[in-house]
1. Only residues in segment 249-268 that are among the basic types (K, R) count as the first member; pair them with residues that are part of a helix (DSSP H, G or I), Cβ under 8 angstrom, at least 6 apart or cross-chain, and list the lot.
2. Restricting to segment 185-211, name every residue that is over 22 Å from the mean Cα position of the chain (by Cα) and assigned to a loop (DSSP other than H, G, I, E, B).
3. Do we have R201 as over 24 Å from A351 (Cβ atoms) and among the charged types (D, E, K, R) here?
4. For V330, are the conditions met, namely being crowded, with 24+ Cβ neighbours inside 10 Å, within 16 Å of ligand 2 (Cβ to nearest atom) and under 13 Å from the mean Cα position of the chain (by Cα)?
5. Test each condition in (1) among the aliphatic types (A, V, I, L, M); (2) buried (at least 17 other Cβ atoms within 10 Å of the Cβ); (3) closer than 25 Å to E177 by Cβ; (4) at pLDDT 95 or above for L82 and report the one that comes out false.
6. For segment 318-343, name all the residues that are farther than 18 Å from A92 by Cα and touching a helix residue (DSSP H, G or I) at 6+ places or on another chain (Cβ under 7 Å).
7. When only residues in segment 212-225 that are among the aromatic types (F, W, Y) and part of a loop (DSSP other than H, G, I, E, B) count, which is farthest from the chain's Cα centre (by Cα)?
Amino acid sequence: MIILGIETSCDETAVAIIEADAKDNLQPIKILVSEISSQVALHAPYGGVVPRIAKFAHEEQLPLLIDQALTAAKVTWEQVNLLAVTTGPGLAPALSVGFNYGRQQAEQRNIPLVGVNHIEGHIYSPWLDADTANKLNQLAWPILILVISGGHTQLVLMTGFGDYQILGRTLDDAVGESFDKVAKMLGLGYPGGPAVSQAARQGQISAFHFPRPLMRELNYDFSYAGLKTSVLYTLRGQNTGRINDGAVKEYSQNYINDICASFEAAAIEVLVTKTVRAITAFQPRAVTVVGGVSANQYLRQQLISAAPETVPLIFPALAWTGDNAAMIAVAGWQRFLSQKYLPLAQVDIKARWPISEIF
Ligand code: KG4
Ligand code: ZN
């Protein structure tokens, strides 16, 4: 069957067309096309996503991207068997663009539509690559999942397709958000994760000691607001350069590198410590790490060296770590196969939507 996925929950307009088995959820899928139109340049001057701009850009880009995707995949609307559309969590004005478009097509063309949870989409990202999908399909449940993105930081126990228990989550900022905010303070641009981790490669992790919030607490919750503030106070105390436009100081490259390395070490140590603790407590058959921050190489190395060798550690291919619509199509396909989705008349967008409450 042919599934068309639509993702507009944040600052990427994404469309994908995949081909998958109509009955068997362990059969490999074929990604015919995955198109992403990033709004990064539009939001960069503001140092974060501006909902009004995101909505406008999604409205402009989505119809174009769908036409492009259909043409590239050599698929006609008549051949599309299922629409999978992100309906939450995310920015409501952005979500509504994808959902309204999908609903209109579904009604007009009589195609079933599954409203997909964005986090569940990320959870399926390792199934987008034949290599990692084959590994996962040979394993038994449960799988422990570390979800780390710009909007989410969670440890989740997956006991079957679509069955999730949230072990813990961030009480305030998400880890990706803290990378973005530190980048903004240092004038490294938006989104900040890749820039911070690149600068960190040249810095000393022991140059500054930043806090590891909640690391010693025996739960699976996270907190990143205090770490970000601690970096801010360190920067304020440091008179390393001239004032730039009265706002962002110009720091020396060495100083930036050291701040980034010390911040990254603190942010990642908490993730690794809690994940290893959850492995010990829940004895999963595998661990996956998903979401934009799973691209971070330091995190990958640290987790590989800290986790017990007996538990396979699976990371999505780098191309699938960030937001995309192929992961939304796969999640929608899974929901469709298991018939665990709402009829179109009951589907609506949800800015807040924990994965434990999908259906
Ligand atoms: O999953 P994603 O594309 O969007 C959300 O669902 O939020 O994640 C984006 C986040 C951003 O905060 C970005 O700075 C972060 O992932 N990120 C990274 C890296 N690459 C992207 N953070 C740390 N290290 C990276 N290499
Ligand atoms: Zn995401």
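The values are calculated or read from the model by the stated rules, or taken from the named source; none is laboratory data. These numbers come from a predicted model, not from an experiment. Glycine gets a Cβ as well: all are built from the backbone with ideal geometry, and neighbour counts include every protein chain shown.
1. Qualifying pairs under 8 Å: K249/L235.
2. Of everything in segment 185-211, those that are over 22 Å from the mean Cα position of the chain (by Cα) and assigned to a loop (DSSP other than H, G, I, E, B) turn out to be G187, R201, Q202, G203, Q204, I205, S206, A207, F208, H209, F210, P211.
3. yes
4. Numbers: crowded, with 24+ Cβ neighbours inside 10 Å: yes; within 16 Å of ligand 2 (Cβ to nearest atom): yes; under 13 Å from the mean Cα position of the chain (by Cα): no.
Here the answer is no, as V330 does not meet what is asked.
5. Here L82 clears every test but (3).
6. L318, W320, T321, G322, A326, M327, V330, A331, Y341
7. Y220
Conditions tested, residue by residue: (1) within 16 Å of ligand 1 (Cβ to nearest atom); (2) surrounded by 15 or more Cβ atoms within 10 Å (Cβ to Cβ).
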position	(1), (2)
A20	no, yes
Q39	yes, yes
E60	no, no
D67	no, no
L91	yes, yes
